[in-house]
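The values are calculated or read from the model by the stated rules, or taken from the named source; none is laboratory data. All of these numbers come straight from a predicted model, not from anything done at the bench. A quick note on method: Cβ atoms are made from the backbone with ideal geometry, for glycine too, and the neighbour counts reach across all protein chains shown. Note: areas computed on protein heavy atoms with side chains; ligands, DNA, RNA excluded. Shrake-Rupley method; radii C 1.70, N 1.55, O 1.52, S 1.80 Å.
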Amino acid sequence: YFFFKDKMCHIRNTYVATHRFKSVASRNYCMIVLAGESGLRADELLNIEITDLFFESKKLQTRFAKGTRGSGKRSRITLFPPLARDTVNYYLKEVRPGLCKEDSAYLFPSQNGKALTYSGIHNALSEIVSTVKKNGFPILPHMGWHWFRRIFATRFIERFPNQLSTLITLLGHTSPNTVHRYI
């Protein structure tokens with residue numbers, strides 16, 4: 001937890017603090033924290049709505065999760081840890097109201113209130129990676145949104161080594177073989 005939190009502070013201080021559009025940078029930072037702390041996929045980040053957050057029970061749901069074997073989109077419940085809750089809470093109160101002109105159900109709307117696009121979030125991540133690399137922070141050259149899912153899975157299994165079945169459920173997988181590729 002503290003390892004990830006320390007790295008996120010560095011990203012916040014080098015990316016958000018120096019970005020010319022603070023609300024956009026803060027939204028992008030919040031997406032990274034949520035992905036790394038909860039194991040969300042990129043498409044889940046794009047489609048998560050404010051009503052999918054359960055602060056009291058420390059959980060969140062995805063209603064647009066990847067389906068298996070052609071079964072279509074499946075929802076799942078995953079963790080909503082303290083760093084993610086605090087970051088999202090701050091974002092909802094201080095950043096999001098000034099981010100878009102339209103009222104939107106999406107947690108991470110574009111500036112016109114619509115859902116972000118894949119290219120939009122990939123460009124945001126590339127921008128973050130570029131900024132923090134310039135400030136001497138080591139990041140793998142092939143860093144992508146799916147890496148945050150791997151970070152979540154690895155950190156979870158390091159902390160709870162006997163709970164592989166729980167991790168499988170949290171990630172929305174059905175097979176341990178799939179999860180082993182993440183760790």
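The residue that is nearest to G39 (Cα to Cα), among those in the stretch 166-183 that are part of a helix (DSSP H, G or I) and of a type in the set (S, T, Y), is T169.
The listed residues are K22, K59, and the only one of them that is at pLDDT 80 or above, more than 13 Å from F152 (Cβ to Cβ), open to solvent by 10 Å² or more (accessible area, probe 1.4 Å) and touching a helix residue (DSSP H, G or I) at 6+ places or on another chain (Cβ under 7 Å) turns out to be K22. Take D103 and decide whether it is part of a helix (DSSP H, G or I) and free of Cβ contacts under 8 Å to residues at least 60 places away in the same chain. It is false that D103 is part of a helix (DSSP H, G or I) and free of Cβ contacts under 8 Å to residues at least 60 places away in the same chain.
Within the stretch 139-165, work out how many residues are part of a helix (DSSP H, G or I) and within 15 Å of E37 (Cα to Cα). I'd like the intermediate steps shown before the answer.
Filtering the stretch 139-165 for residues part of a helix (DSSP H, G or I) gives 146-159, 164-165.
Those left that are additionally within 15 Å of E37 (Cα to Cα): 146-159.
Result for the stretch 139-165: 14.
Do you know which residues across the stretch 86-104 are surrounded by 13 or more Cβ atoms within 10 Å (Cβ to Cβ) and more than 12 Å from C30 (Cα to Cα)? Across the stretch 86-104, the qualifying residues are L99, C100, S104.
Candidates are the residues of the stretch 116-138 that are assigned to a loop (DSSP other than H, G, I, E, B) and closer than 15 Å to R27 by Cβ; the one that is least open to solvent (accessible area, probe 1.4 Å) is L116. When restricted to residues that are part of a loop (DSSP other than H, G, I, E, B) and either open to solvent by 80 Å² or more (accessible area, probe 1.4 Å) or not aliphatic (A, V, I, L, M) (or both), the stretch 106-115 contains 6. Filtered by the rule that a residue be of a type in the set (V, I, T) and free of Cβ contacts under 8 Å to residues at least 24 places away in the same chain, the stretch 119-144 gives V129, I139. Scanning the stretch 13-62 for residues that are assigned to a helix (DSSP H, G or I), in contact (Cβ under 8 Å) with a residue 60 or more places away in the chain and more than 21 Å from T131 (Cα to Cα) gives E37, S38, D43, L45, L46, N47.
Of everything in the stretch 139-175 that's polar (S, T, N, Q) and open to solvent by 70 Å² or more (accessible area, probe 1.4 Å), which residue is farthest from S75 (Cα to Cα)?
At the first step, the residues of the stretch 139-175 found to be polar (S, T, N, Q) are 154, 162-163, 165-166, 169, 174-175.
Next, from what is left, pick out any that are open to solvent by 70 Å² or more (accessible area, probe 1.4 Å): 162-163, 165, 169, 174.
Details: N162: 25, Q163: 21, S165: 17, T169: 11, T174: 13 Å.
Looking at residues that are polar (S, T, N, Q) and open to solvent by 70 Å² or more (accessible area, probe 1.4 Å), I get N162.
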